[in-house]
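Novice: Structure provided below as structure tokens; questions to follow.
The values are calculated or read from the model by the stated rules, or taken from the named source; none is laboratory data. What you are looking at is a predicted structure, and each value in this text was computed from that prediction instead of being measured. Every residue, glycine among them, receives a Cβ derived from its backbone with ideal geometry; neighbour counts consider all protein chains shown. Side chains included, ligands, DNA and RNA excluded: accessible areas come from the protein's heavy atoms. Shrake-Rupley method; radii C 1.70, N 1.55, O 1.52, S 1.80 Å.
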Amino acid sequence: MTEQTAAPTAAPEEPAAPAPEQELPSAGAEPAAAAEPVPATDVQAAEPVQVTEPVQAAEPVQVTEPVPVTEPVPVTEPVPAAEPAAVAEPVPATDVPATEPAAVTEPLAAPEQALAVAEPVPAPRSSRRVLRAVARWTAAVLVLGGLGTGTALGITSMERTDVPGLATEGDGRWDYPELSLPALPAGSPRPFNEANVAEIHHADLRKLLIPAPAGATADKKLTGGWVSTAQFVGEFRKDKRGELTQLLDDSALRHIAARGWTMPDGTRSRVYLLQFNSTAYAQGLRDDTYVSSTPGIPLDWPTDLQLDESWNAGGKVPETVVYAFGETKTGKGRIHEAYIQAGDTLALVIHSQQGKKIAEQVPFRQTLILQNQLLG
């Protein structure tokens, strides 16, 4: 801008000409007030007013009438532009129909805020109480069930005589060990298998002998091994031993296994297993000794024995034959005798008591049934 200086004169001072009209800002701001008259002796051009558009320096203003101003506006400060509408409130557009939604200038919510709206509504307090009650009852049922199961297992694992209230008086049976059949040679069938037409016992005959029960005292002569024919025929009357020895020699006898023991009550037990070359020879010896309704060749005993009619052959293995004898038809007495034929093997079981004491029937029949099962 160039400075302009007024020439000195003696005439009275005239007011400066009015400044040309300034362009008003488009934002609707009020026009700036005109500057006060400047003395003619030292007038400088007015500083440009900083507005939104630059204004060129004004020439000396010729004012015909002074423009009254209430307050001077510093020309050095820019005229403030119109403030924009607040972003927090939507500004309705004047030319948009009322039915259309107003433009929203508020920034979108953060993703976390949007997701927070989808959180599940907490369950009512009453539902939680129900769930807690169900959980408590379920836990109680599980605990009681576990205790009941443990108690049941403990009781079932005990012996019957050890359970209070269930202990019963013994019925006279002996305590035999658990029995099991011996292993067979490879490819050999059981005696009554369809593939074993001859009904031969291929297992070791000594392992088919019944073991001694608990508390028994083993017989030193009958230890469960092989015995001689003389040992076997010694169980019969002396006047019949020669005849029986001849029958055994003629019947193709292979070998004899035997075991004996004595119980604490004095009962003496002997079990003999005689194996022949075939089932026909075993059955032939039984017929030659007349074992059926009578015991055939009598034992070395003072009295003759009779068929035990009370024996119902309970527990007998199919395909086997069992004959039981005693001092009476009811089987009661001081001695019991029985024969078992199972295929190629003939068994003799004897229980006896000395003096006038009775040999119990229950352990005798128990021994008879178990030995029959081992031969089956």
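Novice: Please compute the net charge surrounding ALA135, taking Lys and Arg as +1 and Asp and Glu as -1 over other residues with Cβ under 14 Å from its Cβ.
Specialist: Values: positive: ARG128, ARG129, ARG132, ARG136; negative: none.
The answer is +4.
Novice: I've got another one for you. If you find the alpha carbon centre of the range 336-376 and of the range 214-248, how far apart are they in angstrom?
Specialist: 15
Novice: Determine the sum of side-chain charges near THR328: Lys and Arg each +1, Asp and Glu each -1, restricted to other residues whose C-beta is under 12 angstrom from that of THR328. Walk me through the numbers before you get to the answer.
Specialist: Working: positive: LYS329, LYS332, ARG334; negative: ASP304, ASP308, GLU309, GLU327.
Result for the local shell: -1.
Novice: Given a 1.4 Å probe and heavy atoms of the protein chains only, how would you sort VAL362, VAL227, largest accessible area at the top? Present the calculation step by step, with values, prior to reporting the outcome.
Specialist: Working: VAL362 65, VAL227 30 Å².
Ranking VAL362, VAL227 by accessible area, largest first, yields VAL362, VAL227.
Novice: Once neighbouring chains are kept in place and the probe is 1.4 Å, which whole percent of the accessible area of the range 276-319 is contributed by carbon and sulfur? Numbers along the way, then the final one.
Specialist: Details: 1210 of 2450 Å².
For the range 276-319, the apolar C and S fraction of the accessible surface comes to 49 percent.
Novice: What's the extension gain from TYR176 to VAL317 if we count 0.36 nm per residue and subtract their Cα-Cα distance?
Specialist: Details: separation 141, 0.36 × 141 = 50.76 nm, distance 1.90 nm.
Gain in length upon complete extension: 48.9 nm.
Novice: On to the next question. Just by accessible area at a 1.4 angstrom probe, what is the order of TYR323, TYR339, TYR281 from largest to smallest?
Specialist: Numbers: TYR323 55, TYR339 20, TYR281 100 Å².
The ordering from most to least exposed comes out as TYR281, TYR323, TYR339.
Novice: By its C-alpha gyration tensor, with a ≥ b ≥ c as the square roots of the eigenvalues, how is the range 183-297 shaped: rounded for a/c under 1.5, else prolate for a/b larger than b/c, else oblate? Working shown, then result.
Specialist: Values: a/c = 2.01, a/b = 1.12, b/c = 1.79.
Because a/c hits 1.5 or more and a/b fails to exceed b/c, the range 183-297 counts as oblate.
Novice: Rolling a 1.4 Å sphere over the protein heavy atoms, what is the accessible area per residue of the range 244-376, to the nearest Å²? Show your work: numbers first, answer last.
Specialist: On the way: 5360 Å² over 133 residues.
Per residue, the range 244-376 has 40 Å² of solvent-accessible surface.
Novice: Could you work out how far apart the two model spin labels at PHE192 and GLN373 are, taking each label as a point 7 Å from the Cα in the direction of the beta carbon, and quote it in nm?
Specialist: 1.3
Novice: OK, next. Given the whole protein assembly as supplied and a 1.4 Å probe, what does the accessible area of THR345 come to in Å², nearest 10?
Specialist: The accessible area of THR345 comes to roughly 0 Å².
Novice: Here is a further query. Sticking with the crude label model, points 7 Å out along Cα→Cβ, report the distance from ASP249 to GLN231 in nm, one decimal please.
Specialist: Here the answer is 2.1 nm between the modelled labels.
Novice: Among the trypsin sites (Lys or Arg not before Pro) within the range 319-376, which fall in a DSSP loop and have no more than 10 other Cβ atoms within 10 Å of their own Cβ?
Specialist: Details: sites: LYS329, LYS332, ARG334, LYS356, LYS357, ARG365; in loops: LYS329, LYS332, ARG334, LYS356, LYS357.
Those that pass, being in a loop and sparsely packed, are LYS356.
Novice: Where Lys and Arg each count +1 and Asp and Glu each count -1, what net charge lies around ASP288 among other residues with Cβ under 13 Å from its Cβ? Let's see the in-between values first.
Specialist: Details: positive: LYS240, ARG286; negative: GLU243, ASP249, ASP250, ASP287.
Once all neighbours under 13 Å are counted, the net charge is -2.
Novice: My understanding is that a pair violates if its Cα-Cα distance is over 29 Å; which of LYS221/LYS329; LYS220/LYS356; LYS329/LYS356 do that in this structure? Write down the numbers at each step before the final one.
Specialist: Values: LYS221/LYS329 32 Å; LYS220/LYS356 25 Å; LYS329/LYS356 18 Å.
Those over the limit are LYS221/LYS329.
Novice: Share of the range 330-374's accessible area from carbon and sulfur, percent, 1.4 Å?
Specialist: Numbers: 800 of 1420 Å².
On the range 330-374, the fraction of accessible area on carbon and sulfur atoms equals 56 percent.
Novice: Could you tell me what % of all Cα pairs in the range 318-376 have separations over 18 Å? Walk me through the intermediate numbers first.
Specialist: Values: 553 of 1711 pairs.
Of the Cα pairs, 32 percent sit more than 18 Å apart.
Novice: Mind checking the full-extension length gain between LEU142 and ASP300? Use 0.36 nm per residue of separation minus the Cα-Cα distance, one decimal, nm.
Specialist: Details: separation 158, 0.36 × 158 = 56.88 nm, distance 6.77 nm.
So the chain would gain 50.1 nm between LEU142 and ASP300.
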